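Each remark here refers to the structure printed beneath this line.
The numbers here are math on the coordinates, done by the rules we state, and not lab data. This structure is a prediction, so every number in the text was calculated from the model and none was measured. Cβ placement follows ideal geometry from the backbone for every residue including glycine, while neighbour counts extend to all protein chains displayed.
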Amino acid sequence: MADEVVLLDYWLSPFGMRLRIALALKGIKYEHKEEDLTNKSPLLLQSNPVHKKIPVLIHNGKPVCESVVALQYIDEVWNDTAPLLPSDPYLKSQARFWADFVDKKIYGYGKALWTAKGEELEAVQKDHLDCIKLLEGELGDKPFFGGETIGLLDVTLLPFASWFSVYEKFGNLSLEAACPKFIAWLKRCFLIQSVSESLPAAEKLYDYVVQMKKKLGTE
Amino acid sequence: MADEVVLLDLYVSMYGMRVRLALAEKGVKYEYKEEDLRTKSQLLLQMNPVHKKIPVLIHNGKPICESLIIVQYIDEVWKDKAPLLPSDPYQRAQARFWADFIDKKLYDAGKKICTTKGEEQEAGKKEFIEILKVLEGELGDKPYFMGERFGFLDIALITFYSWFHAYETLGNFSIEAECPKLISWAKRCMQKESVSKSLADPKKVYEFLVVMYGL
């Protein structure tokens with residue numbers, strides 16, 4: 001019996017992007033359903049009654065919510081190809097720790113980057129940069145956070161990282177100068193089809209931020 | 001070669017208790033080190049440089065941080081006894097989802113009860129009870145959250161039970177009156193030796209909070 005996989009998503013959501021990348025890496029066919037977040041579908045409200053948020057992965061009618069939970073589910077079910085987590089328990093715990101770090105820190109600073117101004121913006125940029133440097137330390141000399149191939153941490157971080165060219169245009173920071181290893185990692189990831197096809201084009205992100213800044217008056 | 005297991009912890013921390021509980025379930029011997037959070041040890045700062053928080057499990061010199069990540073690590077390393085996570089991927093996803101829900105919501109709602117008064121405190125109490133009611137719904141008529149066996153999700157939540165006395169005293173309300181099924185589940189868990197041994201004395205939790213928040 002064929003698997004029925006549905007993804008309730010929103011084009012801009014970094015959390016949704018994570019699942020798109022994982023599903024593409026594993027070659028899983030799925031139905032992509034774009035949600036209107038101002039008018040959430042009955043399916044979304046039914047599938048995620050607790051948080052009412054996307055992304056939701058629905059596998060043979062059963063919903064899995066929270067992107068890092070869903071990534072691990074995908075990895076455990078479709079375990080014959082492109083493993084996201086290593087088999088060693090210690091390395092697994094490290095991948096989970098850093099994925100949790102990305103969710104706790106990178107997401108918050110990323111959001112603040114385009115709502116803050118002046119001194120506040122400088123402080124956020126510094127914090128954000130400190131986090132990137134920590135991640136660079138974790139990457140070390142490996143091509144990917146997962147080692148020779150993309151893993152959980154790469155997938156968790158990529159959607160935020162793809163915003164970097166946009167941040168550069170708005171901030172006074174040259175990330176290439178400050179975090180060359182990180183930028184090299186990002187470019188390496190974008191050479192992978194499953195990644196580049198799952199993330200919105202930089203121009204689309206840029207246009208979106210321009211619009212948002214106008215709305216918020218933080219140009 | 002014997003395993004060397006060290007736990008950097010704080011007696012009253014519900015997060016630390018989760019790790020103690022998992023280690024007790026698996027029968028793992030370890031060295032317990034109580035931290036003073038006002039003067040954190042060199043070892044703690046070295047082992048958790050990113051967050052500088054307890055609990056930290058140090059296994060043969062290698063640190064693992066974040067309580068739920070530690071519990072999963074313990075489950076995977078000492079896998080021949082008392083499995084904590086179910087083997088079915090969908091059930092595992094459900095357990096992880098609800099543990100994440102607890103971590104996102106419960107502590108902050110509880111903190112409001114401890115540190116505010118009047119209308120704000122009432123709002124905190126209402127929020128707290130609502131969260132517990134959602135969890136009660138998830139428990140349903142099962143003896144434990146994942147079914148017949150005590151496991152990961154029970155561990156994630158039961159440690160908060162040691163803080164209920166403090167919340168009830170500071171908030172002047174009864175959790176049992178609002179969520180009898182959940183308290184019944186908690187008492188069932190407390191009958192397990194691993195649980196009663198690993199949870200802090202509720203009176204000591206209350207005393208700690210009084211000092212910490214200057215109440």
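A few points about this structure:
- Equivalent ellipsoid semi-axes - Cα gyration tensor, chain A, angstrom: 28, 23, 15
- Other residues lying with their Cβ under 12 Å from the Cβ of residue A:150 contribute a combined charge of +1, Lys and Arg counting +1, Asp and Glu -1.
- Convex hull per residue volume in Å³, alpha carbons only, for the range B:119-207: 89 Å³
- Lys, Arg +1 and Asp, Glu -1 on Cβ, resulting dipole of the range A:162-215 about Cα centre, debye, nearest 20: 160 debye
- Helix-only mean residue ellipticity at 222 nm for chain B, each DSSP H run of n ≥ 4 adding -39500 (n - 2.57), per residue, nearest 500: -18000 deg cm²/dmol
- Percent antiparallel among DSSP beta bridges (both partners in the range B:1-115, rounded to 5): 65 percent
- Dividing the C-alpha radius of gyration of chain B by 2.2 N^0.38 Å, with N its residue count, gives 1.01.
- The charge dipole of chain B, taken about its Cα centre with unit charges on the Cβ of Lys, Arg, Asp and Glu (plus for the first two, minus for the last two), comes to roughly 220 debye.
- Residue mean of other protein chain beta carbons inside 10 Å, A:70-78: 3
- The simple Förster model, with R0 at 60 Å and r as the Cβ-Cβ distance, assigns residue A:29 and residue B:210 a FRET efficiency of 0.55.
- D (Stokes-Einstein, µm²/s), Kirkwood Cα radius, the protein assembly as shown, 0.890 mPa s at 25 °C: 105 µm²/s
- Note on chain B: dipole from Cβ charges, positive end direction compared against B:10, B:214, B:93; the farthest Cα belongs to B:10.
- Dipole of chain A, positive end: most advanced residue of A:193, A:67, A:208 [Cβ charges, Cα centre]: A:208
- Screening chain B for whole DSSP H helices of 20 Å or more along their axis (Cα) with average Kyte-Doolittle hydropathy at least -1.0 returns B:89-115, B:118-139.
- Taking label points 7 Å from Cα along the Cα-to-Cβ direction, residue B:79 and residue B:111 give a separation of 3.6 nm.
- Taking A:99, A:201, A:82 as the candidate residues, the one with maximal mean-square fluctuation in a Gaussian network model of chain A, Cα springs under 10 Å, is A:201.
- Listed residues A:113, A:71, A:158, most fluctuating in chain A (Gaussian network, C-alpha, under 10 Å): A:113
- Against the rule of thumb 2.2 N^0.38 Å, how large the Cα Rg of the range B:72-153 comes out: 1.34
- The local environment of residue B:142, defined by Cβ-Cβ distances under 12 Å, has a net charge of -2 under the rule Lys, Arg +1 and Asp, Glu -1.
- Relative to one another, the C-alpha centroids of the range A:174-192 and the range A:36-63 are positioned 34 Å apart.
- With each label modelled as a point 7 angstrom along the Cα→C-beta vector, the residue B:62-residue A:60 pair spans 3.4 nm.
- Positive-end extreme of charge dipole, chain A - chosen from A:24, A:86, A:116 (charges on Cβ): A:116
- Estimated dipole of the protein assembly as shown in Debye, rounded to 20 [Cβ of Lys and Arg +1, of Asp and Glu -1, Cα centre]: 380 debye
- Here the relative contact order of the range A:82-196, from alpha carbon pairs under 8 Å that lie six or more residues apart, stands at 27 percent.
- This ranking places A:154, B:9, A:130 by how few other beta-carbon atoms lie within 10 Å of each, fewest first, which gives A:130, B:9, A:154.
- If you run the Gaussian network model on chain A, springs between alpha carbon atoms under 10 Å, then out of A:188, A:96, A:18 the most flexible one is A:188.
- The simple spin-label model puts a point 7 Å past each Cα toward its Cβ; for residue B:2 and residue B:50 those points are separated by 3.2 nm.
- Over the range A:1-95, the reciprocal of the mean inverse Cα-Cα separation, the Kirkwood hydrodynamic radius, stands at 13.8 Å.
- Under 13 Å, Cβ to Cβ, from residue B:215 - net charge with Lys/Arg +1 and Asp/Glu -1: +1
- Here residue A:116 and residue B:133 are evaluated by their C-beta separation; at R0 = 35 Å the FRET efficiency comes out at 0.40.
- Of all DSSP-defined beta bridges confined to the protein assembly as shown, some 70% are antiparallel rather than parallel.
- On the beta carbon distance between residue A:11 and residue B:120, with R0 = 41 Å, the FRET formula returns roughly 0.60.
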